Amino acid sequence: MVQMAEEFEAGCQRQPPEGPGLDTEQARRLWEQVEVFAGYGFNQGHATAYADVSYRSAYLKAHWAPAFFCARLQDWGGYHHPAVYMAEAVRRGIAVRPPHVNLSAGRPTLAWEGTQPVIWLGLRLISDLRERSMAALLTARKAGAFVNLRDLLSRVSLQEPEIVHLIQAGALDGLGFHRAALLEELGRIRRAGSAQQLPLLIMESTALPETATQRLVWERSVMGYPLVTLQELLPQLRVAYASTQLLTDLPERQRVRVIGVRLPGWSRGPDFFLWDGVTWLLAKLAPRQVLPPAWEPLLITGVRQTDGWGMTWLQMETASVCPR
C-alpha cells in the first residue's frame, strides 16, 4: 500500500495532459479517501467492471464526443437525466435540434453540417404521435422531402393532435413561414376537407409569428425539451435584466444576478443543475428554499463559490420565475 500510495500521489501531481496537476496536499488527501474506502468498498469484480465502463465512457467522450452524446440520448440518458447530456453537448459545441419530419428518425441521430456535428432529437419525443404514424412519415419521405404542410398531409394520414403537436414542437419548421402560420393553414385545410383540395385563392397568412415564450410553452407541453427556444430566449432575458453568464462572467465570492433554467432530473439534496443556454453549473439552494420548476427561466441572485479542488457552484440566495 505504501508503494501504491507513492505511485498514486506522483501520478496525481503530473501536469496536464498527462495528469490532473494536483498539488502535494491535494494528492495526499485524495489517497486518504481512497484508502479509507478500500476497507469497505465493493468486491474486486464489481469495481473492475465499473472501472472498465468508466474508462471506456471517458475515452469515447474525449475522442468521439458527438457520437458519445448521441448514443447516451438514444438510451434516454444514463446516470443523469437526458437534459443534462443535451446541455453538456451544447456546451461542447454540438448543436441539439428538435425533431423534424425531414431529418429525424424515431430516436436521436447524429448528422453533420460541414464540420458542425448536429444531434437531431427523435420523433418519439412528440406526445400523441403514434408509432404507425411515425413509420408512415419515415416511409413517405423516402420518395422525397416534405416541401410544405399540404404535401405532408396529402402523403401521410395523421390525426389532428398528431399534426398539431408536430407543428408546435418545431418538427415542421421550414415548411411554412412560422408555426402560427402553419396552424392557421391547418385550419383552412381542415375546413376544406382535404389537403388535396386546392384553395380558390392563394392566401397569405394573417397570423402573427409566435413569440419565443409561446414556443417555450408549446415545446414543454408536447415534447419536454425546449433547448433551442431557450437558447434564443435566455440571452434576451439576460440583457433585459442585466444579468451575467454562469461561468464566463461570474466573479469569485461576489453577489451576482443570473438568468437560467433548472435542468430536470437529478438533484442531490439542495443541489441542482442550472443552465443558461450555453453552459451550466451546480447550484445550491438557500436554507428552506423550494426546488424551482424545471425549464422555467429563473432570475437568481447568489454568490459564486469555488473549493480547493476547483469545483465551482452558485450558492443561491433568491430565485423567482423571470417575468416575460
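The values are calculated or read from the model by the stated rules, or taken from the named source; none is laboratory data. The structure displayed is predicted, hence computed values, not measured ones. Please note: Cβ atoms are built from the backbone with ideal geometry, for glycine as well, and neighbour counts cover all protein chains shown. For the accessible areas, the whole protein counts, side chains as well, though only heavy atoms, and no ligand, DNA or RNA atoms are used. Shrake-Rupley method; radii C 1.70, N 1.55, O 1.52, S 1.80 Å.
With respect to the conditions (1) buried (at least 16 other Cβ atoms within 10 Å of the Cβ); (2) within 24 Å of residue 129 (Cα to Cα), residue 26 lacks only one, and its number is (2). Residues in segment 139-149 that are of a type outside the set (Gly, Ala, Ser) and in a helix (DSSP H, G or I): 139, 141, 142, 149.
Quick check: is even one residue across segment 113-123 outside any strand (DSSP E or B), out of contact with any Lys or Arg (no Cβ under 9 Å at 6 or more places or on another chain) and over 24 Å from residue 86 (Cα atoms)? Looking for residues that are outside any strand (DSSP E or B), out of contact with any Lys or Arg (no Cβ under 9 Å at 6 or more places or on another chain) and over 24 Å from residue 86 (Cα atoms), one finds none in segment 113-123, hence no. Within segment 287-312, residues that are more than 22 Å from residue 249 (Cα to Cα) reach no partner that is part of a loop (DSSP other than H, G, I, E, B) and among the acidic types (Asp, Glu) with beta carbons closer than 9 Å at six or more positions or on different chains. Look at segment 72-95: where a residue is farther than 17 Å from residue 58 by Cβ and a partner is loosely packed, with under 15 Cβ neighbours inside 10 Å and not small (Gly, Ala, Ser), sitting 6+ places away or on another chain with Cβ atoms under 6 Å, you get 81/266; 82/76.
Yes/no matrix, rows are residues, columns are (1) surrounded by 17 or more Cβ atoms within 10 Å (Cβ to Cβ); (2) within 27 Å of residue 214 (Cβ to Cβ):
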position: 144; (1), (2): no, no
position: 149; (1), (2): yes, yes
position: 153; (1), (2): yes, yes
position: 160; (1), (2): no, yes
position: 163; (1), (2): yes, yes
position: 168; (1), (2): yes, yes
position: 175; (1), (2): yes, yes
position: 179; (1), (2): yes, yes
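Any idea which residue in segment 281-324 is nearest to the chain's Cα centre (by Cα), counting only those that are buried (at least 16 other Cβ atoms within 10 Å of the Cβ) and among the aromatic types (Phe, Trp, Tyr)? Checked segment 281-324; the qualifying residue nearest to the chain's Cα centre (by Cα) is 295. Taken together, the residues in segment 76-95 that are at pLDDT below 90 and either open to solvent by less than 40 Å² (accessible area, probe 1.4 Å) or farther than 17 Å from residue 274 by Cβ (or both) amount to 4. Of the residues making up segment 1-18, those that are outside any helix (DSSP H, G or I) and touching a helix residue (DSSP H, G or I) at 6+ places or on another chain (Cβ under 8 Å) are 1, 13. Of all the criteria given as (1) touching a residue at least 40 places away in the same chain (Cβ under 8 Å); (2) buried (at least 19 other Cβ atoms within 10 Å of the Cβ), the one not satisfied by residue 120 is (1). Within segment 250-272, which residues are open to solvent by less than 30 Å² (accessible area, probe 1.4 Å), in a loop (DSSP other than H, G, I, E, B) and farther than 13 Å from residue 83 by Cβ? If the condition is that a residue be open to solvent by less than 30 Å² (accessible area, probe 1.4 Å), in a loop (DSSP other than H, G, I, E, B) and farther than 13 Å from residue 83 by Cβ, then 250 is the only one that fits. Out of segment 126-138, which residues are part of a helix (DSSP H, G or I), over 14 Å from residue 103 (Cβ atoms) and either of a type outside the set (D, E, K, R) or open to solvent by less than 10 Å² (accessible area, probe 1.4 Å) (or both)? Result: 133, 135, 136.
Of everything in segment 116-139 that is touching a Phe, Trp or Tyr at 6+ places or on another chain (Cβ under 8 Å) and not β-branched (Val, Ile, Thr), the residue that is nearest to residue 89 (Cα to Cα) is 121. Residues in segment 211-249 that are more than 19 Å from residue 99 (Cα to Cα), open to solvent by less than 10 Å² (accessible area, probe 1.4 Å) and not in a helix (DSSP H, G or I): 246 alone.
Within segment 59-112, take every residue that is in a helix (DSSP H, G or I) and of a type in the set (Ser, Thr, Tyr) and give me the one that is farthest from residue 144 (Cα to Cα). Per the stated criteria, the residue is 59.
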